1. Sort out for me the Cα centre separation of region 176-191 from region 85-121, rounded to whole Å.
2. Label residue 2 and residue 132 with points 7 Å out from Cα along Cα→Cβ: what is the distance between them in nm?
3. Holding the Cα-Cα limit at 21 Å, pick out from 127/214; 123/265; 4/122; 123/214; 133/236; 179/265 the pairs that are longer than that.
4. Using a Cα-Cα cut-off of under 16 Å, which lysines could be cross-linked to residue 177, ignoring same-chain neighbours fewer than 8 residues away?
5. Please find the FRET efficiency linking residue 216 to residue 153, where r is the Cβ-Cβ separation and R0 is fixed at 51 Å, and quote it to the nearest 0.05.
6. Over the chain, with the other protein chains present, what is the accessible area per residue in square angstrom, probe 1.4 angstrom?
7. Give a quick list of chymotrypsin sites (Phe, Trp or Tyr not before Pro) in region 139-190 that DSSP marks as loop, anything other than H, G, I, E or B, with at most 11 other Cβ atoms within 10 Å.
8. Provide the percentage of antiparallel DSSP beta bridges, counting only those with both residues in the chain; round to the nearest 5.
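The values are calculated or read from the model by the stated rules, or taken from the named source; none is laboratory data. Every value quoted in this text rests on a predicted model; they were computed, and no experiment measured them. Backbone-built Cβ (ideal geometry, glycine too); neighbour counts: all protein chains shown. The protein model used for the area step is the full one, side chains on, heavy atoms only, and it has no ligands, DNA or RNA in it. Shrake-Rupley method; radii C 1.70, N 1.55, O 1.52, S 1.80 Å.
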Amino acid sequence: MDSKVINTKLGDIEYCSMGTGIPVVFIHGGHSNCHETLCHRGFDLKEYQLITPSRPGYGKTPLNHNRTPRKAADLIAELLDFLSVKEVIVYGISAGGPTAIELAGNYPNRVSKLILASAVSKKWLEKDEKIYKTAQFMFNPKVEKFTWGMVRFFSKIFPELIAKNFYPQFSKNPIHKLKKKDIEELLSSLKHFNSGHGFLNDIDQKLADDVFSKVKCPTLVIHSENDNSVPLDHAKHAHKMIENSELEILQNEWGHLFWIGADSKNAISKTLDFIHKDGTSKKNE
């Protein structure tokens with residue numbers, strides 16, 4: 001899928017778009033970019049227009065001055081203006097959660113529904129945590145290309161070994177023999193990963209409490225109890241802070257990546273049921 005880069009008054013932004021119908025803006029997670037398609041599972045391209053921008057610091061979208069979730073949201077609103085899209089469903093994933101919340105909170109007339117999937121909703125990592133310090137080294141812009149290059153190289157030679165090493169990063173479930181299809185889906189997603197300048201920016205973000213009160217649209221917070229990347233507390237916090245929200249807690253195999261595995265059908269079905277509820281229009285009138 002080819003991407004495009006447009007210039008707006010707030011800076012350049014890269015995006016991919018496919019399908020026709022209800023516009024859904026996917027706000028990708030950490031290490032990802034506009035080429036992420038795992039979260040598209042279940043969406044019929046004859047019914048949905050799937051718009052995926054690269055957040056600032058990822059892909060071909062420069063970080064520059066767009067360092068906060070609010071500024072990232074403003075930049076995405078500029079993209080929607082360019083595409084002549086008036087109203088969207090916003091689907092925020094993992095570290096893309098804060099930007100999704102800012103987009104829904106500050107553009108209430110443009111966001112009909114909000115989905116927070118395995119999403120960050122408060123301060124994610126503290127600077128004294130070991131994982132924070134490790135991230136500062138491994139995903140530094142000077143090192144991250146080597147890090148992900150090695151992952152991709154060894155994925156081709158030892159796919160099962162790489163999948164088993166990544167699995168505990170996403171799920172609290174015990175490591176076990178992984179299905180071939182699940183391994184393929186994980187590695188297909190990883191091949192697009194780069195941290196750029198975006199990930200180190202992500203781990204220092206914090207949302208102001210008042211933005212949650214500005215989110216008026218129906219909101220689905222969907223998260224796994226087995227998530228080993230973003231704790232379930234983030235989902236409970238979002239549900240508590242967003243008035244018109246519902247919380248779905250999953251008991252799935254892959255934890256954070258609930259789009260993988262046989263039980264992914266359940267999560268995808270719950271998401272689509274939420275979108276269809278109350279007769280969401282099939283066209284962006």
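1. Comparing the Cα centres of region 176-191 and region 85-121, I get a distance of 28 Å.
2. Modelled inter-label distance: 4.4 nm.
3. Working: 127/214 29 Å; 123/265 30 Å; 4/122 31 Å; 123/214 19 Å; 133/236 26 Å; 179/265 16 Å.
Over 21 Å Cα-Cα: 127/214; 123/265; 4/122; 133/236.
4. Those lysines meeting the cut-off are 164.
5. Values: r = 47 Å, r/R0 = 0.93.
My answer for the efficiency is 0.60.
6. Values: 13180 Å² over 285 residues.
For the chain, the solvent-accessible area averages 46 Å² per residue.
7. Details: sites: 139, 146, 148, 153, 154, 166, 170; in loops: 139.
Here no loop site has a sparse enough neighbourhood.
8. Values: 10 of 34 bridges.
Among the beta bridges of the chain, antiparallel pairing accounts for roughly 30 percent.
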